[in-house]
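The values are calculated or read from the model by the stated rules, or taken from the named source; none is laboratory data. Keep in mind that what you see is a predicted model, and the values were worked out from it rather than measured. Note that we place each Cβ from the backbone using ideal geometry, even for glycine, and neighbour counts take in every protein chain shown. The protein model used for the area step is the full one, side chains on, heavy atoms only, and it has no ligands, DNA or RNA in it. Shrake-Rupley method; radii C 1.70, N 1.55, O 1.52, S 1.80 Å.
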Amino acid sequence: MAVRPATIADADALEDVLADAFDTDPISMHLVPDSRRRRERLRIGMGHVMRRLYLPHGGAWTTDERDGVAMWGRPGDPTPSALEQLRDLPTFFRAFGRHVPRAMRAFETAEKRRPQEDHWYLELLAVRPDRQGQGVGSALLGATLPEVDAAGLPAFLVTSNARNVPLYERFGFVVGDEYDIGPVHVWPMLRPGAG
């Protein structure tokens, strides 16, 4: 299965992948409780993050069929300034509605628990539901982890879906100190650096 860097031309299709893949994810259900609006709100929020933070810096990968996407943050990637974050607020209100404070607390909790040392961060790995279990997630990880290893740094992720843990373990991630975001249990996972 061919994996390549995603481009802006892939963005619309990958927004659909993100929304479909995370529609029934526990953290998404907590942050966007309205099941009738969840898919569209996820498309807005996750799509914005992909377009704003990952596509411009070469941090998003997909397959030729665009049936999955992995979004990786590298050490040293630019972070939004306070002004840029303020400009993002209307989009986050469109995505989370009255649950923006809940979402901000969740993001802050997860951010505080990231490793202090330099590391790569797998923000999101999403596979279209009808393609899950067919090797798409493995292909995305298998294609990007050599770049992580070449940097000699650890990789980190957090999942709120227990069924994802074995996939990440097969690629060398180890569960760390588990915690809860509101009512949702999450598994932080660290993959030691290759250096």
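Descriptive notes on the structure:
- Modelled spin-label separation between Gln134 and Arg163, with each label point placed 7 Å from Cα along the Cα-to-Cβ direction: 1.6 nm.
- Solvent-accessible area per residue, Å², over the chain with all protein chains present [probe radius 1.4 Å]: 50
- Note on Ala13 and Asp149: the model spin-label points, each 7 Å out from Cα along the C-beta direction, lie 2.8 nm apart.
- Top positive-direction residue, dipole computed over the chain with Cβ charges, set Gly47, Asn164, Leu153: Gly47
- Cα-centre dipole for the chain with unit charges at Cβ (Lys and Arg positive, Asp and Glu negative), debye to 20: 560
- Value in Å of the Kirkwood radius, where region 138-195 supplies the Cα pairs that are averaged: 11.9
- Sites Met1 and Arg170, calculated FRET efficiency, Cβ-Cβ separation with R0 25 Å, nearest 0.05: 0.95
- Our helix-only sum for the chain, with -39,500 (n - 2.57) per DSSP H run of n ≥ 4 divided by its residues, gives a mean residue ellipticity at 222 nm of -13000 deg cm²/dmol.
- Reduced Cα scattering model of region 1-54, Debye log10 I(q)/I(0), q = 0.14, 0.18, 0.29 Å⁻¹: -0.38, -0.58, -1.11
- Counting 0.36 nm for each residue step from Gln116 to Thr91 and taking away their Cα separation leaves a gain of 6.1 nm.
- Tail beyond 25 Å, pair distance distribution of the chain (Cα, percent): 32
- Whole-number D in µm²/s for region 28-129 (Stokes-Einstein; Kirkwood sum over Cα pairs; 4 °C, 1.567 mPa s): 87
- Region 1-151 - percent of accessible surface contributed by carbon and sulfur, probe 1.4 Å: 52
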